[in-house]
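The values are calculated or read from the model by the stated rules, or taken from the named source; none is laboratory data. Here the structure is a predicted model, which is why all the values come from computation and not from measurement. Cβ placement follows ideal geometry from the backbone for every residue including glycine, while neighbour counts extend to all protein chains displayed.
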Amino acid sequence: MRLADELLQQAFAKQAGDILLLPGGKDYIVKFFCQGTYQMITKLKKASAQQMIAYFKFQANMMLSEQRRPQLGALTVTLAGNEIFLRLSTVGDFLGRESLVIRLIYPLERATKNFLDLKQWSRLENVCQKKGLVLLAGPMGSGKTTTMYQLAKKLTDQQVMCIEDPVEIKDDSFLQLEVNEPAQMSYEILLKAALRHHPDIFIIGEIRDTQTAHIALTAALSGHLVLSTVHAMSATGILTRLEDLGLSKKDVLQVTQCFSYQRLLPLKDGTQAVLFDLIFKQEFETVFRSEMTMTKEWRDELERSVAEGKITKRTKQAFLEG
């Protein structure tokens, strides 16, 4: 279907993470989730949108006759010479209008991010030479998964095992497992099974419950490097979140090498770059005693980026509190 192919090509060119076909009044709205925001792309007549949804469902071996209950599907396409994995999700609303979300899973080389300060990246690379937890926070679309993969990719000759829900980046050099609750493949079950494979490095897509938190902690204590993300509004907030999940502050601080919070900042040249707020083990006592939300380094980096002409004063102000 030409229209569907053009939509995929456009999403690939923009490096969009998701394509959304959503019912909106008499028409359908097409949006891209790109660079951390939703971008309105176009509107389609209801008949055209439904035809496109049916086309994608057919390609992904999904049931065409089922338009109300949620369905999941997947397929692989080639865009501009790149093999891209697509994950599809459909569901019908109370009026029976079906919507579709397509997640584009890029190879790591396509997902690689730029960094506002390369010294921050070097410090992260260095801390990953050690064993223990490296925990990342940041809003959706800030590049946390890409950061974890880039860090692990630098550690050559080591076995890397990834457990995600869902897999967001395709990399054939890693053993990638995907959470599937209906098939009894939860984070907890997959982590327990993965430990028997004796990986050197774990990438855990997200620590979201008490069981996963405890297993991640145990894996780090047993001599693994564990890279994972946690829902928190700052680097300091990661510790509070883990305490809420039942981990003791003493255990977390003992095994964690770095707490990191990141955002994708818009640059003056139209591109984006990652800014990190990093707290390393040697800084824990000072930082957590001060009860700061964002560290002095975060604010200094924003100030320096304005002075160097990388970002605007407006951008600095917008990201001052994370």
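Applying the selection to segment 195-220, what residues are surrounded by fewer than 20 Cβ atoms within 10 Å (Cβ to Cβ), aliphatic (A, V, I, L, M) and in contact with a strand residue (DSSP E or B) (Cβ under 8 Å, 6 or more places away or on another chain)?
Correct list: empty.
Can you name the residue in segment 1-22 that is over 18 Å from the mean Cα position of the chain (by Cα) and polar (S, T, N, Q) and, of all such residues, is surrounded by the fewest Cβ atoms within 10 Å (Cβ to Cβ)?
Among those residues, the one meeting the criterion is Gln9.
Given the options Leu124, Leu118, Leu133, Leu155, name the one that is more than 27 Å from Leu104 (Cβ to Cβ) and either among the acidic types (Asp, Glu) or touching a residue at least 40 places away in the same chain (Cβ under 8 Å) (or both).
None of the others qualify; the one that does is Leu133.
Hey, Lys57 hits all of (1) over 21 Å from Gly24 (Cβ atoms); (2) part of a helix (DSSP H, G or I) but one; which does it fall short on?
Answer for Lys57: the failing condition is (1).
Can you name every residue in segment 223-282 that is polar (S, T, N, Q) and under 15 Å from Thr145 (Cα atoms)?
Ser228, Thr229, Ser260, Gln262
Just for helices (runs of 4 or more DSSP H) wholly inside segment 207-269: which have at least 3 residues that are within 28 Å of Lys113 (Cα to Cα)?
210-221, 235-244
Cβ-Cβ below 8 Å, separation at least six or inter-chain, first residue in segment 202-218 and touching a residue at least 60 places away in the same chain (Cβ under 8 Å), second assigned to a helix (DSSP H, G or I) and charged (D, E, K, R): which pairs?
Sorted first by the residue in segment 202-218, then by its partner, the pairs are Leu217/Asp251.
Looking at the structure I just gave you, is Thr240 under 24 Å from Glu283 (Cα atoms) and touching an Asp or Glu at 6+ places or on another chain (Cβ under 7 Å)?
No, not satisfied.
Considering only segment 182-196, state which residues are assigned to a helix (DSSP H, G or I) and under 20 Å from the mean Cα position of the chain (by Cα).
Tyr187, Glu188, Leu190, Leu191
Got a number for residues in segment 133-162 being surrounded by fewer than 19 Cβ atoms within 10 Å (Cβ to Cβ), farther than 26 Å from Asp300 by Cβ and in contact with a strand residue (DSSP E or B) (Cβ under 9 Å, 6 or more places away or on another chain)?
Total meeting the criteria: 5.
Checking Gln129 against (1) within 16 Å of the chain's Cα centre (by Cα); (2) over 30 Å from Lys46 (Cβ atoms), only one condition comes out false. Which one?
Evaluating Gln129 over (1) within 16 Å of the chain's Cα centre (by Cα); (2) over 30 Å from Lys46 (Cβ atoms) leaves (1) as the failure.
When residues of segment 23-38 are filtered for being within 25 Å of the chain's Cα centre (by Cα) and either surrounded by fewer than 16 Cβ atoms within 10 Å (Cβ to Cβ) or among the aromatic types (Phe, Trp, Tyr) (or both), how many remain?
4
Name the pairs: first residue in segment 27-38 and within 18 Å of Ala13 (Cβ to Cβ), second residue surrounded by fewer than 18 Cβ atoms within 10 Å (Cβ to Cβ) and hydroxyl-bearing (Ser, Thr, Tyr), Cβ to Cβ under 8 Å, at least 6 apart or on different chains?
Val30/Thr42; Lys31/Tyr38; Phe32/Tyr38
Quick test for you: out of Gln129, Gln120, Gln51, pick the one residue that is surrounded by fewer than 16 Cβ atoms within 10 Å (Cβ to Cβ), under 30 Å from Thr256 (Cβ atoms) and among the polar types (S, T, N, Q).
Selected residue: Gln129, the only one of Gln129, Gln120, Gln51 that is surrounded by fewer than 16 Cβ atoms within 10 Å (Cβ to Cβ), under 30 Å from Thr256 (Cβ atoms) and among the polar types (S, T, N, Q).
Give segment 6-26 a look and list any residue that's without any contact (Cβ under 8 Å) to a residue 40 or more places away in the chain and within 18 Å of Ala47 (Cα to Cα), or say none.
Those that are without any contact (Cβ under 8 Å) to a residue 40 or more places away in the chain and within 18 Å of Ala47 (Cα to Cα): Glu6, Gly24, Gly25, Lys26.
State all residues of segment 270-290 that are of a type in the set (D, E, K, R) and either within 29 Å of Lys14 (Cα to Cα) or touching a residue at least 24 places away in the same chain (Cβ under 8 Å) (or both); if no residue qualifies, say none.
Within segment 270-290, Asp277, Lys281 qualify.
May I ask you to list pairs of residues, at least six apart or on different chains, whose Cβ atoms are under 7 Å apart, with the first in segment 85-114 being within 26 Å of Lys144 (Cβ to Cβ) and at pLDDT 95 or above and the second being in a strand (DSSP E or B) and among the acidic types (Asp, Glu)?
Val101/Asp18; Ile102/Asp18
Of the residues Ser142, Ser99, which single one is within 14 Å of the chain's Cα centre (by Cα), more than 22 Å from Ile201 (Cα to Cα) and not β-branched (Val, Ile, Thr)?
None of the others qualify; the one that does is Ser142.
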